[in-house]
């Protein structure tokens, strides 16, 4: 690699120009990089959401969810399915293997679902959707009506004026209005008039479905023009619906004619009965003639408006949305994947004042915005990186005592970082918390190569008698080029196994690994090209006395480290006695090291563990669970009580309340409301202690009486994960499942380290059950299904079509009258039989029964999830308590329970990262074998890895920071870093032995020479990471802080190991090999003179 240095020195002007151009392109790349919170990750999951109005959870499970789960089993790469069946809705989430083509998989799911059209109930239309992080809104805007205004009127104005303009903003993918009721067209027929006109309700349905249809009828050539022929016209108003003609039923017309004839026959005077047969036949002939004449007359046209009431009216209230105690609707803004989160947010914010003017007093308030948190995190990480850069430069200045050498080395850091930005831009990565965290972590490491190079160059140039700076610089770089190349290769190589880590961890941390890799490769190129050129220009040559010039020139010519004439500095004078003692007492030295390692491993259980740390976002999710079946009005009263309590907390800025199910894409990510639940999205002050605010919120709501149960969605699971520990309980039937769930909840509540223990099974939900008496229905000429169908038609309107009114797609519903409001009304529902109308309770039993709020299944088996939150941030301690509960709980026969949730995710991630760590060590070993051409010496260097773990573990215990995924990524990075100094040291010792020095002398002098660069690089890296490890800015550190702490602790212990234990171990092993070599040589020479110790290379 030193050939790059030789080439660079020959083309110094070109290197300077390339450096300037690269810096310019780097600055341009910074401006063009998108700013996001996290890397865009596609969830390998597809949701199938189906609406089945009026159906109970059991019916939804049997008729909808189970067939869909069965159909999804044929889709490739399926891991498991989870179905949730609630009143009137089914949500089936299919989890696939990470890395699959989500778009192609969604198409396969759609094809599998399309084959169920004959199996699923009529009018059930499953919706298939998939999602990624980009599907989460980047901005949410609450719209409250003006004083005295109506929320629905405001919502219509927002839909017409605001939403289209927001959608047109650059980078915006969609803007969805949530909380608006919308309109529907309701057609309510007069059953009596329908009967008089020989019509049925189906006649209205047929008219709506067979009109307003546009049909492409081909093309026609008219002169020089070819015109497309389109048949039909659209229905564009309620009046158009009213004017639709109805087609009479021939069967009903014939029945009416027969009925009229029968009536006429019955009304004849009794005296006509005595007339003769001839007169009777004549009368009948005249009657038939009259009927034929009547039939020949055209009947008047009947329209929908003649026999039914057609009205445009708001949809039924199914949910309530409020912001800060006022009715409101919400606009959720999502961005396209290539857009910049911060730019989209600013564009939306700039548009809001204009929209407020157009909405006549309506207030638009941003209740959620990713951009401030993104900007704050980026600013925090940038600040910590700059502080680290300053500390690293101070270390270099203190050790080199040369402003020029410090400037040369310091230039390498921004140059490497700018080159990394260019790489990120070409790779189409974004500037997010992970890539920027990787850059900040890398600052301490990218300077290492330059420190080693500049320190060696300065030593060579400061030796007396150097006249040719170029030759001395090339010799200095040649001496360390192999070592820094190998050390960089090992650090880069440790990230290769991350490519094989699956799941969310792999998806999130691959950009991190790529960023570190680019930064380290850039730092190596800078150290071998730019640093030597800058050293040639800026570092002065100290002229030596004439008597030493010849020896030095000879040493430089042969690339040898001219150390014999160098005076020792104070650090080396203090270090020599230490290394001398350890070399003389290797057993004691190694014994103490092993004892420290064993003691540290024994203390390892004291470490806390978690999955991914708290992201400290200023948003809290609160869920209030009331009794199933609680009316919207009752839920609203409870919500007002909670709003009043939250208003008393000073750190709470905005409270957004949603009552009822949000549905849609929220179900994709486990969102949306459920029966009897009220959700609160709480925005807190950015500078507040988020954990303390959550505690105050929990205390405030828990003090409310008769307000149901509350659960707070902590952000302890990070951006993408939940911090809840889950226990999956399965059972063969619902009754056993309920008993097992109650037993598991009771056992978990006994554990002191767990809070917010709850089951998603919920309470039983009362419902009105109609049990048809099959015998009575049969005698009335009806089947069970026919009676159930009549009840359904009476109870709820049926959607029979859609029309476009004022550019808005509006559903059309057919209603057979006002639905009953109570149990008595249901019992009195009229049912049409062969003998006329009868009450429903004459054919069926109507009673109140209890059923499940929802039915949840996984891979077809019924399941319930019992969840609990750790009381603190120690997941391992909480997991131990959950395991204790699992061991002691007594479940009913047939029920099983197993741990899941964040504990399962942590176990899977730790297992995969553990394998990646072993693979990284193997790769490092292979790289070092190629470097040293030895199988034994790389094993000695790998001893530094477990000893580096001692420092990492001790610092994690002392700091109280849990061991999580980010910490393990730090351990992975540490494997590459800690061997760097070992490589630099042992490589020089081998060079000295190759030049004929004895083993003891080579170890002493090599360790002494490498003392300063090793301490410099270690301190520069450690101090560069100190701001991040301390988390002094307080934002964006949930990944970078534990990673920095691990690297700092590992470097502290590994540096001591490299300078004390490694030389001792190397000396002990190599001394033993030389003694064995002596004995073999002695046996070959028959006891002749023993060869001199220390000669030759250390080949293995």
Restricting the search to the range 885-910, which residues are outside any helix (DSSP H, G or I) and on the phi > 0 side of the Ramachandran plot?
894
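Let's see how each residue does on (1) without any contact (Cβ under 8 Å) to a residue 60 or more places away in the chain; (2) more than 20 Å from residue 1056 (Cβ to Cβ):
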| position | (1), (2) |
| --- | --- |
| 961 | no, yes |
| 965 | no, yes |
| 975 | no, no |
| 978 | no, no |
| 986 | no, no |
| 997 | no, yes |
| 1010 | yes, no |
| 1018 | yes, no |
| 1025 | no, no |
Filtering strands (runs of 3 or more DSSP E) wholly in the range 133-218 for at least 2 residues that are touching a helix residue (DSSP H, G or I) at 6+ places or on another chain (Cβ under 8 Å) and within 25 Å of residue 37 (Cα to Cα) gives 139-144, 172-178
Take the residues in the range 867-880 that are surrounded by fewer than 19 Cβ atoms within 10 Å (Cβ to Cβ) and assigned to a helix (DSSP H, G or I), then tell me which one is modelled with the highest pLDDT.
880
Residue 414 - would you say it is surrounded by fewer than 18 Cβ atoms within 10 Å (Cβ to Cβ), within 26 Å of residue 33 (Cβ to Cβ) and assigned by TED's automatic domain parsing to the domain that holds residue 457?
yes
Qualifying positions in the range 60-81 - within 28 Å of residue 510 (Cα to Cα) and buried (at least 17 other Cβ atoms within 10 Å of the Cβ)
75, 78, 81
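Yes/no per residue for (1) part of a helix (DSSP H, G or I); (2) surrounded by 23 or more Cβ atoms within 10 Å (Cβ to Cβ); (3) out of contact with any helix residue (DSSP H, G or I) (no Cβ under 9 Å at 6 or more places or on another chain); (4) in the same structural domain as residue 538 (by TED's automatic domain parsing):
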site	(1), (2), (3), (4)
451	yes, yes, no, yes
464	no, no, no, yes
467	no, no, no, yes
482	yes, no, no, yes
492	yes, no, no, yes
506	yes, no, no, yes
509	yes, yes, no, yes
How about the range 413-428: which of its residues are within 19 Å of residue 513 (Cβ to Cβ) and modelled with pLDDT under 85?
428
Condition check for residue 739: at pLDDT 80 or above and touching a helix residue (DSSP H, G or I) at 6+ places or on another chain (Cβ under 8 Å)
no
Would you tally the residues in the range 40-64 being outside any strand (DSSP E or B), in contact with a strand residue (DSSP E or B) (Cβ under 7 Å, 6 or more places away or on another chain) and at pLDDT below 90?
8
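Conditions (1) modelled with pLDDT of 85 or more; (2) in the same structural domain as residue 483 (by TED's automatic domain parsing); (3) assigned to a helix (DSSP H, G or I), marked per residue:
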| residue | (1), (2), (3) |
| --- | --- |
| 523 | yes, yes, yes |
| 531 | yes, yes, yes |
| 535 | yes, yes, yes |
| 544 | no, yes, no |
| 549 | no, yes, yes |
| 552 | no, yes, yes |
| 583 | yes, no, yes |
| 593 | yes, no, yes |
Out of all the residues in the range 585-600, which are without any contact (Cβ under 8 Å) to a residue 24 or more places away in the chain and more than 14 Å from residue 1062 (Cα to Cα)?
595, 598, 599
For the range 228-249, how many residues meet the condition of being surrounded by 10 or more Cβ atoms within 10 Å (Cβ to Cβ) and in a strand (DSSP E or B)?
4
Criterion first (outside the structural domain of residue 841 (by TED's automatic domain parsing), at pLDDT 85 or above and not in a strand (DSSP E or B)) does residue 745 satisfy it?
yes
List, please: which pairs have Cβ atoms under 9 Å, are six or more places apart or on different chains, and start with a residue in the range 86-106 that is within 25 Å of residue 660 (Cα to Cα) and assigned by TED's automatic domain parsing to the domain that holds residue 510 and end with one that is buried (at least 19 other Cβ atoms within 10 Å of the Cβ) and at pLDDT below 90?
none
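Yes/no matrix, rows are residues, columns are (1) at pLDDT 85 or above; (2) not in a helix (DSSP H, G or I):
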| site | (1), (2) |
| --- | --- |
| 787 | yes, no |
| 790 | no, no |
| 800 | no, yes |
| 813 | yes, yes |
| 838 | yes, yes |
| 841 | yes, no |
| 847 | yes, yes |
| 851 | no, yes |
In this structure, does residue 731 turn out to be surrounded by 20 or more Cβ atoms within 10 Å (Cβ to Cβ), touching a helix residue (DSSP H, G or I) at 6+ places or on another chain (Cβ under 9 Å) and not assigned by TED's automatic domain parsing to the domain that holds residue 830?
yes
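The values are calculated or read from the model by the stated rules, or taken from the named source; none is laboratory data. Since this is a predicted model, take the numbers as computed values, not measurements. Glycine gets a Cβ as well: all are built from the backbone with ideal geometry, and neighbour counts include every protein chain shown.
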